[in-house]
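*Asks:* Shown below is the structure under consideration.
The values are calculated or read from the model by the stated rules, or taken from the named source; none is laboratory data. Bear in mind that the values here come from a model prediction, so they are computed numbers and not experimental data. Every residue, glycine as well, gets a Cβ built from its backbone with ideal geometry; the counts of neighbours run over all protein chains shown. Side chains included, ligands, DNA and RNA excluded: accessible areas come from the protein's heavy atoms. Shrake-Rupley method; radii C 1.70, N 1.55, O 1.52, S 1.80 Å.
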Amino acid sequence: MKINNKKIAQDIEKDFKERLEFIKFWANYVKTHSDKDWSEQQNLLINSQLI
Amino acid sequence: MEYYPEKKEIKLNRVPSELDKFVIDFCNLLDSYVLVSGYVSIIFGRSRATEDVDLLIPKMNFDSFKNLWKKIHSSGFECLNTSIPEDAFEMVKEHNIRFSRIGKPLPNMEFKLIEDEIQEYSFKNKLKVLFNKQTLYISSLEMQIAYKLMLGRSGNKKDIEDAKHIYELFKEKLNNPELLKLIEDLDVKKEFKLIK
């Protein structure tokens, strides 16, 4: 198997930048929607890990 | 959600998660503490979960620790490290100890005594979060951002993301001179550029 480590590193970097953009998008959603709205969505994630 | 920097207060009307209920129930047993690290981002909507919550407590003598120990253990919680308070008191001087609801190791509270300047700063500059008629005390947002960037320096992107979430959420109301000073003090200018 030929592994292009340089491309993998570039892809990881691109993915991280895209993740930071999503975090900006989600923080803006939290700012512009009711606390009830965003917390119900977040709770699906949190409660599924704990219950 | 409303942040009042001059009052050091944030009002939140979120639906509490199971993690929030755990944190509230435990923190209601404490006289003095500050919540730091991942949970500070999560309570404000960061889209991830955690199996532990970091808590800082001022140093105390053994009598005070034992009284707190008894209160914790009579309130449905247990220490995951030891059942002997003397041993727990020795351990907590060296490393964190963990408490959870009895028989349920997840989630757990990572209990640390305040030791260094970063922790002292977090405690002295804590914010009050009012939600659902409950009160929780969290680290200052500026220190939370700088500290998470410092942790992210070791390559853990989750910490950079936590810092980004807090920054984006509160950037219009942050104390920017204080934030920049902390960025300088913790040597995270490069990491700060990633989230600005």
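*Asks:* Conditions first: (1) touching a Ser or Thr at 6+ places or on another chain (Cβ under 9 Å); (2) over 23 Å from B:VAL23 (Cβ atoms); (3) modelled with pLDDT under 90. A:PHE22 passes all but one, so which condition is the exception?
*Replies:* It is condition (3) that A:PHE22 fails.
*Asks:* Right, something else. Just need a number here: residues in the range A:11-48 that are open to solvent by less than 90 Å² (accessible area, probe 1.4 Å), over 19 Å from B:GLU168 (Cα atoms) and at the interface with another protein chain (Cβ under 7 Å from one of its Cβ atoms).
*Replies:* Looking only at that region, the number is 5.
*Asks:* For B:LYS128, state whether it is open to solvent by 40 Å² or more (accessible area, probe 1.4 Å) and under 24 Å from B:ASP20 (Cβ atoms).
*Replies:* Yes.
*Asks:* Considering only residues that are away from chain A (no Cβ under 13 Å) and open to solvent by less than 10 Å² (accessible area, probe 1.4 Å), which ones fall in the range B:131-163?
*Replies:* Filtering the range B:131-163 down to residues away from chain A (no Cβ under 13 Å) leaves B:133-140, B:142-144, B:146-147, B:150-151, B:153-154.
Answer for the range B:131-163, where residues must be away from chain A (no Cβ under 13 Å) and open to solvent by less than 10 Å² (accessible area, probe 1.4 Å): B:LEU136, B:ILE138, B:SER139, B:SER140, B:MET143, B:GLN144, B:ALA146.
*Asks:* Can you tell me which residue in the range B:171-181 is nearest to the other protein chains (Cβ to nearest Cβ), limited to those that are touching a residue at least 12 places away in the same chain (Cβ under 8 Å) and open to solvent by 10 Å² or more (accessible area, probe 1.4 Å)?
*Replies:* Of all residues in the range B:171-181, those touching a residue at least 12 places away in the same chain (Cβ under 8 Å) come to B:173-175, B:178-179.
Going one step further and asking which of them are open to solvent by 10 Å² or more (accessible area, probe 1.4 Å), we end up with B:173-175, B:178.
Working: B:LYS173: 11, B:LEU174: 13, B:ASN175: 18, B:GLU178: 20 Å.
Within the range B:171-181, the match that is nearest to the other protein chains (Cβ to nearest Cβ) is B:LYS173.
*Asks:* Among the candidates A:ILE8, A:ILE3, which residue alone is open to solvent by 50 Å² or more (accessible area, probe 1.4 Å), out of contact with any Lys or Arg (no Cβ under 9 Å at 6 or more places or on another chain), assigned to a helix (DSSP H, G or I) and more than 10 Å from chain B (Cβ to nearest Cβ)?
*Replies:* Every option except A:ILE8 fails the conditions.
*Asks:* May I ask you to say which residue of B:SER47, B:SER41 is open to solvent by less than 20 Å² (accessible area, probe 1.4 Å), closer than 21 Å to A:ASN47 by Cβ and not basic (Lys, Arg)? Give the steps one after another, and end with the answer.
*Replies:* Details: B:SER47 fails: open to solvent by less than 20 Å² (accessible area, probe 1.4 Å).
Exactly one of B:SER47, B:SER41 is open to solvent by less than 20 Å² (accessible area, probe 1.4 Å), closer than 21 Å to A:ASN47 by Cβ and not basic (Lys, Arg), namely B:SER41.
*Asks:* Scan (1) more than 17 Å from B:LYS21 (Cα to Cα); (2) at the interface with chain B (Cβ under 9 Å from one of its Cβ atoms) for the single condition A:ILE51 breaks and write down its number.
*Replies:* Checking A:ILE51 against (1) more than 17 Å from B:LYS21 (Cα to Cα); (2) at the interface with chain B (Cβ under 9 Å from one of its Cβ atoms), the one that fails is (1).
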